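Shown next, in structure tokens, is the structure this report addresses.
The values are calculated or read from the model by the stated rules, or taken from the named source; none is laboratory data. Computed from a predicted structure; not experimentally measured. Positions of Cβ are backbone-derived with ideal geometry, glycine not excepted, and every protein chain shown enters the neighbour counts.
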Amino acid sequence: MHKSKKDEAIACPLCGMAGAMPFIEIEGQAYHACEQCEIRFLHPRHHLPPMAEKAHYDQHENDVDDPGYRRFLARLLDPLLAYLDQNPAGQSLAERPLQALDFGCGPGPALAMMIKEAGHHCALYDPFFHPDQAAIDPGEKAGAYDIICCTEVAEHLYRPAQVFDQLVKLLAPQGVLAIMTCFQTDDARFAQWHYRRDPTHVIFYRLRSFHVLADRFGLCCHSPAKDVVFLKKAGQ
């Protein structure tokens, strides 16, 4: 594994630790690793500019009616609805219409459609395809959402700490931030890992990364399935 000699330690974009060290350099791109939260992340100087990032997303074919894509999204939604149904504090959240947010929904918000088909409400936000700032306004929408879903979004975040801070503020008491992203586990295979090869993927998490995040915001962390994690806010 070839570590970059040009870079010094920088601040971790997730937990803020100052000493995230150079990890590996691949084809001129430098990655760092945080010992505290165990993320691996691309140095910010290699981030794509907005137009190039959007051009890459425009190539995605996420048809809302594609059965395969819906099965993929169900890996998060099915255990999420089951998890909400187990709420011990009286009435199950799943027994009433939920207020949901599909954060980073992309051009084809299939997950939002599936949430609505389950009898719930779902707002949309995506910085490129549904840039509705009102949906994520921390003043207007503070505590507004029972669930916030981030499916294949967390790995794209340039400033994850700030984004997660905002999303937690949008959660209602006992609300759940549901995240699906491919967990990174094997440093030896990092260079050849297909997930890393996507030029818009800039941050790679392990399960511990989300436990650190949960501790930071006072959330309960639960992983019901591979590459899926729920961060639950305390009730009032």
Considering residues that are surrounded by 11 or more Cβ atoms within 10 Å (Cβ to Cβ) and under 15 Å from M113 (Cα atoms), the number found within region 51-68 is 4
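Only one of these is under 29 Å from L42 (Cα atoms) and assigned to a loop (DSSP other than H, G, I, E, B): H60, H56. Name it. Full working, then the answer.
Values: H56 fails: assigned to a loop (DSSP other than H, G, I, E, B).
Exactly one of H60, H56 is under 29 Å from L42 (Cα atoms) and assigned to a loop (DSSP other than H, G, I, E, B), namely H60.
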L157 meets each of (1) touching a strand residue (DSSP E or B) at 6+ places or on another chain (Cβ under 7 Å); (2) buried (at least 22 other Cβ atoms within 10 Å of the Cβ); (3) under 23 Å from P50 (Cα atoms) with one exception, condition (2)
Looking at the structure I just gave you, is E38 loosely packed, with under 14 Cβ neighbours inside 10 Å, in a loop (DSSP other than H, G, I, E, B) and either at negative phi or at pLDDT 95 or above (or both)?
no
Cβ contacts < 8 Å: first residue aromatic (F, W, Y), restricted to region 135-163; second residue in a loop (DSSP other than H, G, I, E, B) and surrounded by 21 or more Cβ atoms within 10 Å (Cβ to Cβ), any location; separation 6+ or different chain. Result?
Y158/P13; Y158/V202
Restricting to region 178-195, name every residue that is free of Cβ contacts under 8 Å to residues at least 60 places away in the same chain and more than 12 Å from the chain's Cα centre (by Cα).
T185, D186, R189, Q192, W193, H194, Y195
One residue from A172, A214 being touching a Gly at 6+ places or on another chain (Cβ under 9 Å) and either buried (at least 18 other Cβ atoms within 10 Å of the Cβ) or in a loop (DSSP other than H, G, I, E, B) (or both)
A172
Would you check if L207 is touching a Phe, Trp or Tyr at 6+ places or on another chain (Cβ under 8 Å), of a type in the set (A, V, I, L, M) and in contact (Cβ under 8 Å) with a residue 60 or more places away in the chain?
no
